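Down below is the structure, laid out as structure tokens.
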Amino acid sequence: MARKYPLLARVLPTALIHFFSRFWPPVYLSHVTGVRSEATGREIEGWLLACSFTARQMVRLPPQTVYKKIVRTGRLAQRLGARILGLGAFASVVGDGGVTIARHLNIPVTTGHSLTVAVVVETLLEAARCRGIRPALTTAAVVGATGSIGSACAELLAPMVAELVLIGRRESRLAQVRARVETAGARLVRTSTRVEDIREARLVLSATSAAKPIIQPQHLKHGAVVCDVALPQDVSL
Ligand SMILES: NC(=O)c1ccc[n+]([C@@H]2O[C@H](COP(=O)([O-])OP(=O)(O)OC[C@H]3O[C@@H](n4cnc5c(N)ncnc54)[C@H](OP(=O)(O)O)[C@@H]3O)[C@@H](O)[C@H]2O)c1
């Protein structure tokens with residue numbers, strides 16, 4: 001908001017920005033050019049569009065209200081000539097993760113989650129290498145382990161680390177993810193509903209859809225490597 005409308009952001013109180021975001025139309029941000037596909041060598045173009053809700057409104061409003069604006073944003077993408085729609089940040093978190101939105105558009109819709117999961121796990125392991133941490137001898141924690149991204153990351157990490165701590169809000173869902181990571185080759189798994197329990201982990205991957213930071217400095221082990229995928233961030237700055 002502050003970047004696109006600096007003046008408005010200065011005069012409007014935050015509560016009003018949340019409120020008015022409900023009535024804001026989809027916003028054209030930029031035309032992206034100059035990206036070349038490694039696979040085909042062809043140049044790719046795209047458009048960055050904003051489905052102008054604040055993250056808080058996206059999770060608080062009824063999903064049908066949010067779907068309507070995401071579909072309007074998707075139709076704008078179609079009119080511009082897009083042939084695939086990527087849902088960023090909370091647009092893919094709301095409701096059924098893009099299924100309803102795809103039904104209302106003529107172009108395919110992706111959350112991009114597979115790419116996110118692959119890149120996040122690779123980044124965490126690379127950061128561990130840089131810090132001289134050997135994952136096979138290390139405890140790793142996944143916060144938001146019951147989510148779409150968190151559970152897939154936990155499965156990928158499972159056979160690579162000594163111990164996996166899965167943090168979520170619901171015991172029943174955690175038990176399901178635990179079964180999946182054990183099948184994926186986890187050696188030792190603990191589940192917890194308390195974020196404080198990441199204190200023993202040297203590797204932390206966080207991917208919740210909390211609207212505010214939930215990881216404070218005192219929750220972290222000294223020297224821990226943290227990869228925070230969440231938007232808005234999970235880690236307090
Ligand atoms: N950086 C990127 O490229 C990228 C790409 C895609 C998504 N993301 C971000 O990744 C995050 C996760 O996306 P997702 O699609 O995996 O979401 P999701 O499937 O809805 O999962 C969200 C997870 O967060 C937990 N959670 C929600 N609110 C919480 C709170 N207040 N305190 C603690 N845990 C809470 C949920 O627990 P329950 O199971 O109990 O509901 C669930 O485990 C989002 O922030 C999204 O914006 C980033």
Identify the trypsin sites (Lys or Arg not before Pro) of segment 1-80 meeting these criteria: DSSP loop state and at most 11 other C-beta atoms within 10 Å of the C-beta.
Arg3, Lys4, Arg42
Which aspartates and glutamates does Lys69 reach when only Cα atoms under 18 Å apart count, and residues fewer than 8 places away in its own chain are ignored?
Asp96
Share of alpha-carbon pairs per 10 Å distance bin for segment 96-237, given as whole %
12, 44, 32, 9, 2
Using label points projected 7 Å from each Cα along Cα→Cβ, tell me how many nm separate Ala179 and Lys4, to one decimal.
4.3 nm
Pairwise Cα inverse-distance average, inverted: Kirkwood Rh of segment 27-84 (Å)
13.1 Å
Given a Förster distance of 30 Å, the FRET efficiency implied by the Cβ-Cβ spacing of Val11 and Trp47, rounded to the nearest 0.05, works out to 0.55
Carbon and sulfur together cover what percent of the accessible area of the chain at a 1.4 Å probe radius?
55 percent
Between beta-carbons, use under 9 Å as the cut-off and find the net charge around Thr208, counting Lys and Arg +1, Asp and Glu -1.
0
Angle in degrees between helix 171-183 and the longest Cα principal axis of the chain, rounded to the nearest 10
70 degrees
Within 15 Å, Cβ to Cβ, of Leu157, how many net charges do the neighbouring residues add up to if Lys/Arg are +1 and Asp/Glu are -1?
+2
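With Cβ to Cβ distances under 11 Å as the rule, what net charge do the other residues near His104 carry (K, R +1; D, E -1)?
Taking every other residue near His104 into account, the sum is +4.
Considering only protein heavy atoms, what per residue accessible area in square angstrom results for segment 147-225 with a 1.4 angstrom probe? It would help to have the intermediate numbers written out before the result.
Values: 3970 Å² over 79 residues.
Counting only protein heavy atoms, the per-residue value for segment 147-225 is 50 Å².
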How big is the chain along each principal axis, measuring the range of its Cα positions in Å and listing the largest first?
51, 48, 34
Place +1 on the Cβ of every Lys and Arg and -1 on the Cβ of every Asp and Glu in segment 166-233, take the dipole about the Cα centre, and give the residue among Gln176, Gln233, Ser206 whose Cα lies farthest towards its positive end.
Gln176
Please name which of Val189, Val143, Pro6 has its Cα lying farthest along the dipole of the chain towards the positive end, using unit charges on Cβ (Lys, Arg +1; Asp, Glu -1) and the Cα centre as origin.
Pro6
On Cα atoms only, tilt of 148-157 relative to the major axis of the chain in degrees
30 degrees
Net dipole in debye of segment 7-83 [+1 Lys, Arg Cβ; -1 Asp, Glu Cβ; about Cα centre; nearest 20]
360 debye
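The values are calculated or read from the model by the stated rules, or taken from the named source; none is laboratory data. It should be emphasised that the depicted structure is a prediction, and the values quoted were computed from it without experimental measurement. Cβ sites come from the backbone with ideal geometry, for glycine too, and all protein chains shown count toward neighbours. Side chains included, ligands, DNA and RNA excluded: accessible areas come from the protein's heavy atoms. Shrake-Rupley method; radii C 1.70, N 1.55, O 1.52, S 1.80 Å.
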